[in-house]
1. Which entries of LYS85/LYS159; LYS62/LYS85; LYS79/LYS155; LYS62/LYS188 show an alpha-carbon separation above 27 angstrom in the structure shown?
2. Counting other Cβ atoms within 10 Å, which GluC sites (Glu not before Pro) in the range 69-133 have at most 11 and lie in a DSSP loop?
3. Please report the accessible area of THR58 (heavy atoms, 1.4 Å probe, ligands and nucleic acids excluded) in Å², nearest 10.
4. Tell me which residues come under 5 Å, amide H to amide H, from ASN107 once H is placed; ignore anything under 5 positions away on its chain.
5. For ILE117, what is the net charge nearby, where nearby means another residue's Cβ is under 12 Å from its Cβ and Lys, Arg count +1, Asp, Glu -1?
Amino acid sequence: MKVSRTVAMLCAVGVGSFSMMTSQGFATDNGAVNADDILSSQHAPQADAAGENAATMTDVEKGLAEAKAENEDKATLAKKIAMAKVMHDIRPTRVQVDSAVRRAAANLPTFERESFIVSMQSMLNYNAIERISIDAMVDTYTLHELESMVEYFSKPEAKSASAKVPSWARAVQPEIVRMIDRAMMRIKTGQ
C-alpha cells in the first residue's frame, strides 16, 4: 500500500493531522511538538499590518486567545498540563488512534485489513502523538475548560456516550454523504 493512500485514509478518519504537525511544545518529555501553533497558522485568519480588531474575533478565536494567554502564567500552565494529562488517562490516545486505524482498515479489502492494522500500529509513535495532543489541549482549552472536561469525561455516562460515537457516526455518515452527493449533482446539472 502506498504511504500517500495510508495517510489519506487516516486523514479521512481524523488522525492524519497528528502525524503531520511539528513545532516546539509544552510537554516536557522527549521533545514534544505544539500542534496548535501549526493548526492556528494554517487555519486562523492572519492579522493585518494594522493589527486585528478584537471586535471582529469570533468566540472561538477569543477562546483560543484566552487559552494561550493563560499559558504565560507558569502555575496555570502547570495545572493545564496536568489536566491535559488526566484527560489522556481518561481517554487514552492509543485507543483513539487504534480506533481510527481500524476504521481506515475497514475501507480496504478484507484480506488486507489485518496486515494494515498491524503495520500501522508498529509504525506509529503513540507517545509522540500523545505529547502532540497534550500540547494542543494546553493551547486550545482554558484551565476551566480542561477541568470541566475532566469532570465530565470521568463520569460513567460520558464514557458510555463516547464509546457510542462510532455507532452514531456510522448511522449518520451515509445519509450526509448521500445528501452531499445529491447536492453536488444538482449543482453540476443546474437543477
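The values are calculated or read from the model by the stated rules, or taken from the named source; none is laboratory data. Bear in mind that the values here come from a model prediction, so they are computed numbers and not experimental data. Methodologically, a virtual Cβ is constructed for each residue, glycine included, from the backbone with ideal geometry; neighbour enumeration extends over all protein chains shown. These area figures cover heavy atoms from the full protein model, side chains too; ligands, DNA and RNA do not enter into them. Shrake-Rupley method; radii C 1.70, N 1.55, O 1.52, S 1.80 Å.
1. On the way: LYS85/LYS159 17 Å; LYS62/LYS85 24 Å; LYS79/LYS155 21 Å; LYS62/LYS188 38 Å.
Beyond 27 Å between Cα atoms: LYS62/LYS188.
2. Those satisfying the criteria are GLU72.
3. 70
4. Under 5 Å from the amide H of ASN107 lies no amide H from a residue far enough along the sequence or on another chain.
5. Details: positive: ARG102, ARG103, ARG113; negative: ASP98, GLU112, GLU114.
Value of the local net charge: 0.
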